[in-house]
Structures are given as C-alpha cells and as structure tokens.
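Just below is one structure, and these are the notes that go with it.
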Amino acid sequence: MEERSRHALIEKAACDHWLTREELSALLADEEAEKELAAAADRVRRAYVGDEVHLRGLIEFSSYCRQNCLYCGLRRDNKNAERYRLSPEAIVVLAKKAKAAGYPTVVMQSGEDAWFTAERLVDIVREVKTLGLTLTLSIGERTADEYRALREAGADRFLLRIETTDRELYERLDPGMSFDNRVRCLADLKALGYEVGTGCLVGLPGQTVDSLAQDILFFREIDADMVGIGPLVPNGETPLGNEPPGDMRLVRRVVSAIRLLLPEANIPATTAMETLQPGAREIMLQSGANVMMPNVTEGEARKKYALYPGKACVADTPEHCRACMEGRIRAMGRTVGTGAGGRRRNN
Ligand code: SAH
Ligand code: SF4
C-alpha cells in the first residue's frame, strides 16, 4: 500500500473506530503497516482504557476434554496427554492464593469436562465469589440454562473464542462442533449479562487476512468486552503439529487493529504470544493490549495443561509470576491495575 493511503486509513480507524472489511484486509496484509498501526493503537489504548495493565490469575482446573479441536493438545484423541482434574477444594485454595497474591480477578479454565456438572460448578462459583474476587469462566460450550445457573451463582465474565469466523474452516478444525452453536453460546452469554471475551487464532491452515478482517468485524458486531488472540502454536501431539507457527508480526497487526476498532475492549497479551516470541507480551502491551493472565496453577497440573508445547513460564511459581509481571509492567512506565478492570464504557 502507498504510504499516504496507509496513513489515511490508520488515522481514519483511530478516529472513527471503523473500517470496511476491504480496508481492514488491506491493512492486515500490509507488513509495513505494523509500526504505525501499533503507535495508533497505543494512543487509542491510553485514551480509552488508560495506563493500567490488569492482571487475571489463571486457574487451569481440568485437562479432560470431550472435544477434538485439531490444534489443541487437550483434544480427546490425544492419548499421550496426561489428564488431571483438580478437586473443587483445590480450586478454591488456588483462588484464595490468587487473592492473597493480589489478583482481583481469577479465570477458571478447563477442557470441556463433563465431570464438572453445572451443579458442581455452581458450588465452586459460590465459594469463590465469597472471597470477593471477580470470576471469569472459560469452560467451553454449555446450554443456556447452565450458563444462567452459573451467572446466578455469581460468575461475572466468560471467555469463549470464536476461533475463526470462517464457518467452513471452523467446522473442519473443530470436528463435531457447529459454528452456529458457538455463536449461540456467545449470544446467550451476552444476554445473561456476562462480560464476554472472545477471540481468534492466527495462523490456521487456510486462514486468510480477509477472514481475520471478518473476525475483527464480528468482535465489534457482538460488542465483545474482551478479545484474546492466540497465534497458532503447533502441537506435535495434534494433527496440526507440522503447520508453521502463527506469524507474530501479523498477530501484532491484528491486536492493533482490534484496539482501533474496539477502543474500550480489554485485550490481553497472551501466553501463546510469549511462547512463540519471548518479549512479545511487552510488544503487545505497547501495540494495543492492556491485560495479562498469569498462571496461578501450581505444580504438576501446570505442566499437564498442555494446549501447546513450550508454554512460557511453565516452571515458574505463581508468586514468581506475579512479581515478574509487575516488574515488566513498571519497566514500561505502566501501572498494575488495582480494581476489577472490567470493560469500560465511555458513552
Ligand atoms: N476448552 C475451552 C477453554 C480452554 S482452550 C475452550 O475451548 O473454549 C482455550 C483456548 O486455547 C482455545 O480457545 C484456543 O484458541 C487456544 N488454543 C488451543 N490450542 C492452541 C494452540 N495449539 N495454539 C494456540 N492456542 C491454542
Ligand atoms: Fe477442548 Fe478447548 Fe482444546 Fe478444543 S480448544 S480441544 S474445547 S480444551
């Protein structure tokens, strides 16, 4: 793209928070747009959500999964995965530790594990909520009634990535799952008053920049409160093991474009990014992102929750992570968020 038209497009996105699919595709395809996009996104981030970086303590409570996503190490056909399931008591203990370590929010994430019935989860949610934490669930697809029961028990937020808005690609990579049901889940969660996080993978085989542009417009259309992007980290235990990893420069352009189009959203610098490129979390925090999700799972479970190999910081302790993150945030001239860090609404 010519420098003048690139500049005009980025300024338009930073002002109007809107681009057409064609315009977005053109920016995402333009490798030379990276720096200017990131600078504009950093400006918009500061204006809309400020300098605070919000930390969410991540509890990975079960690695059992009934689904079979082609990219993921927890897929049910991965016979080499060592499975574990934390007891409800152990989950509550981790939440207490996260609270004591100064995390205002915890995220409970797992594979789609049927052992955790809505009833069992409701009890855990109630217990965790008595600690005064903001609670996010990331447990995959459930019925509207189950989402309602968990919301009534006190769950505040829910993370469910759409993964890709290319329906055909989605259904090929997530065999047995339906794109319509994924969208239904997101609509139910919104209607129930959850703060809803979604997002996509970057680097899926067959995925195009145009499809990523469509993903970003989808996030805007459903008014996502949080958007998490993961570069594909090929996992040798999965059918996508020989694919090339997601292109981190494209990931950066996607993160920046999301900030421009969804200025109020919470956008995490994710572990998958750091795994592919050490130091990526800082780069992303200066390219539109404002959230980090340090792991507070301990010991063996932390190693066995292997969505992808080489997960950054897998050998660290939760205390170490908290201190390390705080140091990195301060070094960038930013501050650690003190409140719940919910989605801000400026109008
Ligand atoms: N089972 C739940 C939550 C756990 S999976 C769910 O699927 O929603 C959380 C996320 O991990 C998924 O949304 C997916 O985007 C990401 N993930 C899985 N395998 C990955 C890989 N190989 N590389 C990068 N991200 C991956
Ligand atoms: Fe299960 Fe989630 Fe992995 Fe899919 S991405 S296999 S649903 S843990």
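Computed from the coordinates by the stated procedures, all read-outs in this text should not be read as laboratory data. All figures in this text were calculated on a predicted structure; none of them were measured in a lab. So basically every Cβ, Gly included, is an ideal-geometry build from the backbone, and we count neighbours across all protein chains shown.
Taking K and R as +1 and D and E as -1, what net charge do the other residues with C-beta under 10 Å from the C-beta of D247 add up to? So the environment of D247 carries a net charge of +2. Extension gain, R184 to E119, is 21.2 nm, computed as 0.36 nm per intervening residue step minus the present C-alpha separation. Taking every alpha-carbon pair within the range 19-104, the share separated by more than 17 Å comes to 72 percent.
Helix 179-191: angle to the longest alpha-carbon principal axis of the chain, degrees 0 to 90, nearest 10? With rounding to tens, the tilt is 80 degrees. Lysine pair count for the range 3-336 (Cα-Cα distance under 28 Å; residues 8 or more apart in sequence or on different chains): 23.
Counting only Cβ charges, +1 for Lys and Arg and -1 for Asp and Glu, the dipole size of the range 179-269 around its Cα centre is about 220 debye. For the range 3-336, the convex hull drawn through the C-alpha positions has a volume of 119 cubic angstrom per residue.
For the range 3-336, a simple Cβ point-charge model (Lys and Arg +1, Asp and Glu -1, everything else neutral) yields a dipole of about 800 debye relative to the Cα centre. Which residues in the range 65-96 place their backbone N less than 17 Å from a point set 7 Å from the Cα of E298 along the Cα-to-Cβ direction? Within reach of a label on E298: 85-96.
Positive-end ranking of A39, L70, V314 along the dipole of the chain, with charges on Cβ about the Cα centre, is headed by V314. Taking other C-beta atoms within 10 Å as the exposure proxy, R343, R182, R252 rank R343, R182, R252 from fewest upward. Under the rule of -39500 (n - 2.57) per DSSP H run of 4 or more residues, summed and divided by the residues of the chain, what mean residue ellipticity at 222 nm is obtained, to the nearest 500 deg cm²/dmol? Helices in the chain give a 222 nm mean residue ellipticity of -13000 deg cm²/dmol. Given their separation in residues at 0.36 nm each and the Cα-Cα distance between them, L131 and E34 gain 30.7 nm when the chain is fully extended.
What do you get for the angle between helix 209-221 and the principal long axis of the chain? Use alpha-carbon atoms, 0 to 90 degrees, nearest ten. Rounded to the nearest ten degrees, it is 70. From least to most packed, judged by other beta carbons within 10 angstrom and beginning with the fewest, F158, F219 follow the order F219, F158. Of the residues I59, L19, A8, the one whose Cα sits farthest toward the positive end of the charge dipole of the range 3-336, with +1 on the Cβ of Lys and Arg and -1 on the Cβ of Asp and Glu, is I59. If a spin label sat at a point 7 angstrom from the Cα of E3 along the line to its beta carbon, the backbone N atoms of the range 24-41 nearer than 16 Å would be those of 31-37.
Computed from backbone phi with θ = phi - 60° and the Karplus coefficients 6.51, -1.76 and 1.60, the 3J(HN,Hα) list for the range 8-22 is 4, 5, 5, 5, 4, 5, 6, 8, 8, 6, 8, 9, 6, 4, 5 Hz; x is used for glycine and proline. Cβ crowding within 10 Å ranks C313, C65 as C313, C65, fewest other Cβ atoms first.
Cysteine residues of the chain whose Cβ has no partner cysteine Cβ closer than 4.7 Å: C15, C65, C185, C200, C313, C321, C324.
Of the beta bridges in the chain, as assigned by DSSP with both residues counted there, near 5 percent are antiparallel.
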